[in-house]
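These notes are about the structure you will find just below.
The values are calculated or read from the model by the stated rules, or taken from the named source; none is laboratory data. As the structure is a computational prediction, the values presented were derived from the model and not from experiment. Every residue, glycine as well, gets a Cβ built from its backbone with ideal geometry; the counts of neighbours run over all protein chains shown. In case anyone asks, the SASA skips ligands and DNA or RNA and just uses the protein heavy atoms, side chains included. Shrake-Rupley method; radii C 1.70, N 1.55, O 1.52, S 1.80 Å.
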Amino acid sequence: MIFTRYFLRVFLIALFCTSASVVYSEDGYRLWMRYDKITTVAVAKKYQSLATSVLLEKESATFVIAQKELQLALQGLLQTTIPVTKTIQPGAIVLGTASSSSIISSLGISEKLKALGKEGFVIFSVVIKNKPCTVIAANHDIGVLYGTFHFIRLLQTQQSIEKLSVVSKPAIGHRLLNHWDNLDRTVERGYAGFSLWDWHKLPDYIDPRYIAYARANASIGINGTVLTNVNANAQVLTVPYLKKVAALANVFRPYGIKVYLTARFSAPVEIGGLTTADPLDSAVQAWWKKKVDEIYTYIPDFGGFLVKANSEGQPGPQNYDRNHADGANVLAKALAPHNGIVMWRAFVYSNEVPEDRAKQAYNEFKPLDGTFEKNVLVQVKNGPIDFQPREPFHPLFGAMPKTPLMMEFQLTQEYLGFATHLVYLAPLFKECLDADTYAKGKGSTVSRVIDGSLENHTLTGIAGVANIGNDRNWTGHPFAQANWYALGRLAWNPSLSSETIAEEWIRATFSNNENVVSTLKNVMLASREVTVRYMTPLGLHHIMGWNHHYGPGPWIKDKPRADWTSVYYHQADSLGIGFNRTATGSKALLQYTPEVQKIYSTPADCPEEYLLWFNHVGWNHRMKSGRTLWDELCHHYYAGADSVQWIQQQWDSIHNHIDEERYQQVKALLAIQYQEAIWWRNACVLYFQTFSKRDIPTGLPKPDQSLDYYQSLEFPFAPGIKPKW
């Protein structure tokens, strides 16, 4: 596709804003694409000799983006202007495909490229006509762009580029952000301002931030974006909004990003004038086919639909006594001629079913295995409840071999302190991805389920619920950017370690100073466990505040649904605490393979981080530390809060190496986090003490407020919930 003059102008404005931002302040807008001067003289000198020009034989919209991104990066990092040439120079960086570049086609790499698909790339050092060069090649334009960003990452993190031999392709096909953005620009569970999408000004005004957003996603390999909330509004499927969506699609297309929309299941009634949305009704099927055909006239590469149905009040096929496959398949058949897909969420639970909520998605979807159309992905949350600070992997992973399953992680910190707490989520993601389902024996990890290798599925996907808003730094908390980054990197390569991703991000976002890198990496890697300790230690879960999910609320009870309360989950009583999900309790553990069941089935054997998730345990139960359960629970809460102080100290120790604006912002946010960690600690310990009837262990300071005080706190205007206009 040819870049129109308008979009090229917007692109250049976006690049100017990106490069100019350093002149005024370091406010986080540039994310991990800062491209500031390399101050290590030897490294800069070596790069200058190996990156002297960009060679691009043919232009396309995507090639131009790759070329300009590389020039921008080299200009910033090396403080020199890098020309574009069409002839080989010593130190040339050659961009292209075998079909676009005679130079690349002459290098004999066709066999190497053949296995890399549309998005993979190679980067290698080579001598061409006696001149040392670097080649970034792929089968398609988008692979060249991904390779360019990979090469830039090597420069940003000061890796050697002297003898490169990189071969890379994504493990997962569909790598998406799910925006829970409403058409009025509010964001459900969003803590970084309002929605990026200015629907009122679209399609005629293209905000430069849309380009910056596309650049950021392409830089980490994200290739799709669901623009609208899973609690969907059917109006987005009407022509006025389709024109707006098409404008965004035009911006994102050269970056390899497809747009997707959430489909409200009742749309045939709400905007189509029908009297039913029954998926087996021929008129409903015809309506969806016509609507999908219409969408593709505006957006020829439309990705497809994400659907939340029969969950938390959303309409769905069960309204008509149909099942989830019936509902997904009517949309899938309409999308199939256009190569579109359906992502049907498995986040379902019924208030009418007297079952452990952790069991319900499995109970509904397991029997449907093999009944979905081939272009349907069932999108499953990482755990069986709802994005808790720690959950075991969802039992559906490994349980539906005939159906491709798609991972859903949450980047926005709905249950992890919002955008005021520093919590690096790669360890949470890895905990799930690396978990062994034993579905086909040892080594049947969750990552192998979702990358298709376990059951030979070619349709694969992973999504992250976006933490992005219109805050200047995109994510509210500067360190929350790392979670967006981690999602993209793990979607491309699930085998990457949390440590590797953290180090990449720190070096690109803050500094290559080794003290800064080691200090921040230690903080980031510890931060998730720290948060679990002061919020939900030892397998506790779902004990946050009512509705807004802000702060502790282990006392929440007597709500419209039992499974919207805290007491339903922790089940504290005079004897002990925890949810018995073993064979003697709700039997949720029986949804896992026998090998997994064995791990968690008794308090004596269960790993302590999941102890109270799977077991109701007596207050005097002896823990591995030698303490009783009550004493251990208290020590976890206190250690978690104390560890936030340690994070504050670590941040202060690198003050001289951090720009003042971001230093002060993070310092202020850490102060909030420490106050709220103490709040969580005190409120939970005091509440659970009413059941244990035991003293807080000697040496731990007593809370300075009463339980009544904490229970009296109200937050009707907490962020992340849609206002009642």
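What to note about this one:
- Taking region 264-275 as the range and being in a loop (DSSP other than H, G, I, E, B) and buried (at least 21 other Cβ atoms within 10 Å of the Cβ) as the test, the residues that pass are R264, F265.
- Exclusive hit being farther than 28 Å from V449 by Cα, of a type in the set (V, I, T) and either buried (at least 22 other Cβ atoms within 10 Å of the Cβ) or out of contact with any Lys or Arg (no Cβ under 7 Å at 6 or more places or on another chain) (or both), set I211, I222, I172: I211
- Long-range neighbours under 6 Å by Cβ, at least six apart or interchain, first residue at negative phi and open to solvent by less than 30 Å² (accessible area, probe 1.4 Å) within region 620-645, second small (G, A, S) and in a helix (DSSP H, G or I): W630/S692; A641/A677; V644/A677
- Total residues in region 202-217, condition touching a residue at least 60 places away in the same chain (Cβ under 8 Å), of a type in the set (A, V, I, L, M) and assigned to a helix (DSSP H, G or I): 3
- When region 299-332 is filtered for residues that are surrounded by fewer than 18 Cβ atoms within 10 Å (Cβ to Cβ) and without any contact (Cβ under 8 Å) to a residue 40 or more places away in the chain, the ones remaining, listed by number, are P300, G313, D321.
- Pick from region 350-377, criterion open to solvent by 60 Å² or more (accessible area, probe 1.4 Å), modelled with pLDDT of 95 or more and closer than 19 Å to H394 by Cα, ranking: farthest from the chain's Cα centre (by Cα): P367
- Scan of region 470-510 for residues that are in contact (Cβ under 8 Å) with a residue 60 or more places away in the chain, in a loop (DSSP other than H, G, I, E, B) and not hydroxyl-bearing (S, T, Y), ordered by number: N470, D471, R472, N473, W474, G476, H477, N493, P494, F510
- Complete set of residues in region 330-349 that are under 27 Å from F393 (Cβ atoms) and not aliphatic (A, V, I, L, M): W344, R345, F347, Y349
- Subset tally (residues that are in contact (Cβ under 8 Å) with a residue 40 or more places away in the chain and surrounded by fewer than 23 Cβ atoms within 10 Å (Cβ to Cβ)) for region 333-345: 3
- Residue within region 173-187 that is under 20 Å from I142 (Cα atoms), outside any strand (DSSP E or B) and of a type outside the set (D, E, K, R) present: yes
- Inclusion of W546 among residues that are more than 29 Å from M400 (Cα to Cα), touching a helix residue (DSSP H, G or I) at 6+ places or on another chain (Cβ under 9 Å) and among the aromatic types (F, W, Y) is warranted.
- For the criterion of being surrounded by 23 or more Cβ atoms within 10 Å (Cβ to Cβ), part of a loop (DSSP other than H, G, I, E, B), modelled with pLDDT of 95 or more and within 18 Å of the chain's Cα centre (by Cα), L416 passes.
- Residues satisfying the criterion are present in region 568-581 (criterion: open to solvent by 10 Å² or more (accessible area, probe 1.4 Å), modelled with pLDDT of 95 or more, closer than 23 Å to W619 by Cβ and in a helix (DSSP H, G or I)).
- Here is the figure for region 619-665: residues that are within 30 Å of P607 (Cα to Cα) and of a type in the set (V, I, T) total 3.
- When region 670-709 is filtered for residues that are more than 33 Å from the chain's Cα centre (by Cα), over 22 Å from G578 (Cα atoms) and open to solvent by less than 40 Å² (accessible area, probe 1.4 Å), the ones remaining, listed by number, are L700, P703.
- Restricting attention to region 284-298, the residues that are within 16 Å of A328 (Cα to Cα) and open to solvent by 20 Å² or more (accessible area, probe 1.4 Å) total 5.
- Criterion (closer than 15 Å to A66 by Cβ and out of contact with any His (no Cβ under 6 Å at 6 or more places or on another chain)) met by exactly one of G108, G117, G96: G96
- Among the residues making up region 430-469, those that are in a strand (DSSP E or B) and either surrounded by fewer than 21 Cβ atoms within 10 Å (Cβ to Cβ) or at positive phi (or both) are D436, G441.
- Within region 231-263, being open to solvent by 10 Å² or more (accessible area, probe 1.4 Å), assigned to a helix (DSSP H, G or I) and free of Cβ contacts under 8 Å to residues at least 40 places away in the same chain holds for one residue alone: P240.
- Selection status of G96, at positive phi and either of a type in the set (D, E) or out of contact with any Lys or Arg (no Cβ under 8 Å at 6 or more places or on another chain) (or both): no
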